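Colleague: First, the structure itself, so that you have it in front of you.
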Amino acid sequence: MNEYHGMASNKITMSKINTYIICQAKHFFIYIEKIRAPSRSALLKGIAFHSAVETNYAQKIETEKDMPVSDVLDVFGSQFDAGVPDTQFFEDEKIGEIKDSGYGLLKAYQGVIAPKVQPAQVEMPFELILSGSDEVFSGRVDLITNENIIRDQKTKKARPSAIENDHHLAMTGYSIGYMVAHQEKPKGVIIDYIVDKKTPECVSYEDIIQDSDVELLLNLIGRYQHAVKLGLDMPNRSSYMCNRRYCSYADLCEKKYGGKVKGE
C-alpha cells in the first residue's frame with residue numbers, strides 16, 4: 001500500500017515530478033530523506049480502487065469478460081482493509097463510510113466504463129534513457145486497450161469540467177512511455193473520472209497530447225534533475241494541498257521551515 005515510497009534513486013517518475021511541482025518540501029521528505037508517513041483516507045481509497053480495477057482488467061485480457069462485480073468489490077475491500085493500519089484518519093472520518101463510498105465508486109465504474117473496455121496491456125512498464133545522465137524516466141502505463149488507446153481512472157469528490165493539468169501531464173508521460181515501447185503514438189488518450197456523489201457518476205474526457213506537451217515534460221524532467229542536484233526544497237504554503245487533511249508531513253514541515261500548516 002505504499003507504492004510511492006522506495007523508488008530507485010536513478011529513476012525519475014511522474015510521481016516524483018508531480019510531487020516536486022506541488023511541494024518541493026514534501027518531495028524532500030519522501031524521496032530524499034525517505035521518511036515514511038501515514039497516508040490519508042483519499043489515497044487509501046484511491047489505491048484500493050486502482051487495485052480492484054487492475055485485477056479485473058488483468059484477467060479480462062484473456063477472458064474478454066469482466067469479473068463479477070462482487071469479486072471486484074472483494075479485491076477493493078481486501079486492499080482497503082490492508083491499508084487501514086498505515087492510514088491516518090481524522091476524528092470526523094468514519095472508516096466504514098469511506099469504504100462504502102469506495103464500493104459505490106467501483107460499482108459505478110464497473111457498470112458504466114468497464115464493459116466498454118477491452119484491455120490489451122495492464123501496468124505496462126517503460127524506461128526512457130536520459131541523454132547525458134545515468135538516470136532514466138520510468139513508469140507504468142495503467143491501461144492500454146485493444147484499440148491502442150491509453151485510459152486512466154481518477155476518483156474525484158466533484159465533477160471536473162475538463163481534464164486537470166496534473167492529470168494531463170501524467171497522460172503526457174504515459175504517451176511517452178507508449179511511444180518508447182511501441183515506437184508509435186497511441187491512437188487516443190482518455191481519462192475516466194469517477195465522481196464521489198450520493199449517486200456516483202462517471203465522466204470521460206478525451207485528452208489531446210501535442211508534440212509541445214511532450215517537449216514541456218522533457219524540459220521539466222531536465223529542470224527537475226537540475227533542481228534536485230542543487231538541493232532546492234522550499235515548502236509551497238500557498239498550495240491548496242498544503243493542508244493537514246492532505247499532507248502527512250505537516251509536523252516535519254513546520255519543524256524544518258517554521259510557520260504553520262493549515263488544517264487540523
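Quick note: the coordinates plus some simple rules give every number you see, no bench work behind them. Predicted model, so just to flag it, every value in this text is computed and none were measured. Virtual Cβ from ideal backbone geometry, glycine too; neighbours counted across all protein chains shown.
Colleague: Condition test on residue 216, is it assigned to a helix (DSSP H, G or I) and either among the aliphatic types (A, V, I, L, M) or in contact (Cβ under 8 Å) with a residue 12 or more places away in the chain (or both)?
Modeller: Details: assigned to a helix (DSSP H, G or I): yes; either among the aliphatic types (A, V, I, L, M) or in contact (Cβ under 8 Å) with a residue 12 or more places away in the chain (or both): yes.
So residue 216 passes the test.
Rundown of residues vs (1) in contact with a Phe, Trp or Tyr (Cβ under 9 Å, 6 or more places away or on another chain); (2) of a type in the set (Phe, Trp, Tyr); (3) closer than 24 Å to residue 48 by Cα, yes/no style:
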{"site": "155", "(1), (2), (3)": "yes, no, yes"}
{"site": "174", "(1), (2), (3)": "yes, yes, yes"}
{"site": "199", "(1), (2), (3)": "no, no, yes"}
{"site": "207", "(1), (2), (3)": "no, no, no"}
{"site": "214", "(1), (2), (3)": "no, no, no"}
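Colleague: Within region 141-174, track down each residue that is without any contact (Cβ under 8 Å) to a residue 60 or more places away in the chain, under 25 Å from residue 215 (Cβ atoms) and of a type in the set (Asp, Glu).
Modeller: Hits for region 141-174 are 152, 164.
Colleague: Being part of a loop (DSSP other than H, G, I, E, B), under 22 Å from the mean Cα position of the chain (by Cα) and under 18 Å from residue 43 (Cβ atoms) is the filter here, so list the residues in region 67-123 that pass it.
Modeller: Start the filter on region 67-123 by keeping residues that are part of a loop (DSSP other than H, G, I, E, B), which leaves 67-68, 88-94, 113, 117-118.
Next, only the ones that are under 22 Å from the mean Cα position of the chain (by Cα) stay: 88-89, 113, 117-118.
Once the filter is applied, which keeps residues that are part of a loop (DSSP other than H, G, I, E, B), under 22 Å from the mean Cα position of the chain (by Cα) and under 18 Å from residue 43 (Cβ atoms), region 67-123 yields 88, 89.
Colleague: When you go through (1) under 22 Å from the mean Cα position of the chain (by Cα); (2) assigned to a helix (DSSP H, G or I) one by one for residue 37, which number turns out not to apply?
Modeller: Here residue 37 clears every test but (2).
Colleague: The conditions are (1) among the small types (Gly, Ala, Ser); (2) closer than 25 Å to residue 248 by Cβ; (3) out of contact with any strand residue (DSSP E or B) (no Cβ under 9 Å at 6 or more places or on another chain); (4) surrounded by 15 or more Cβ atoms within 10 Å (Cβ to Cβ), and residue 96 fails exactly one of them. Which is it?
Modeller: The one condition residue 96 does not meet is (4).
Colleague: While we're on this one: Test residue 57 against the criterion of being among the hydroxyl-bearing types (Ser, Thr, Tyr) and out of contact with any helix residue (DSSP H, G or I) (no Cβ under 6 Å at 6 or more places or on another chain), and give yes or no.
Modeller: Values: among the hydroxyl-bearing types (Ser, Thr, Tyr): yes; out of contact with any helix residue (DSSP H, G or I) (no Cβ under 6 Å at 6 or more places or on another chain): yes.
Judged against the criteria, residue 57 is a match.
Colleague: For residue 179, state whether it is within 23 Å of residue 115 (Cα to Cα) and in a helix (DSSP H, G or I). Outline the logic, then answer.
Modeller: Working: within 23 Å of residue 115 (Cα to Cα): no; in a helix (DSSP H, G or I): yes.
When the stated conditions are applied, residue 179 does not pass them.
Colleague: When you scan region 181-203, do you find a residue that is of a type in the set (Phe, Trp, Tyr), crowded, with 19+ Cβ neighbours inside 10 Å, out of contact with any helix residue (DSSP H, G or I) (no Cβ under 8 Å at 6 or more places or on another chain) and more than 21 Å from residue 29 (Cα to Cα), even just one?
Modeller: Within region 181-203, one or more residues are of a type in the set (Phe, Trp, Tyr), crowded, with 19+ Cβ neighbours inside 10 Å, out of contact with any helix residue (DSSP H, G or I) (no Cβ under 8 Å at 6 or more places or on another chain) and more than 21 Å from residue 29 (Cα to Cα).
Colleague: State the number of residues belonging to region 201-213 that are under 18 Å from residue 160 (Cβ atoms) and in a helix (DSSP H, G or I).
Modeller: Selection size over region 201-213: 0.
Colleague: Of the residues in region 237-264, how many are assigned to a loop (DSSP other than H, G, I, E, B), loosely packed, with under 14 Cβ neighbours inside 10 Å and not aliphatic (A, V, I, L, M)? I'd like the intermediate steps shown before the answer.
Modeller: Kept after step one, since they are assigned to a loop (DSSP other than H, G, I, E, B), are these residues of region 237-264: 237-242, 244-249, 258-261, 263-264.
Of the ones still in play, those that are also loosely packed, with under 14 Cβ neighbours inside 10 Å are 238, 240-241, 258-260, 263-264.
Those left that are additionally not aliphatic (A, V, I, L, M): 238, 240, 258-260, 263-264.
Total satisfying the criteria: 7.
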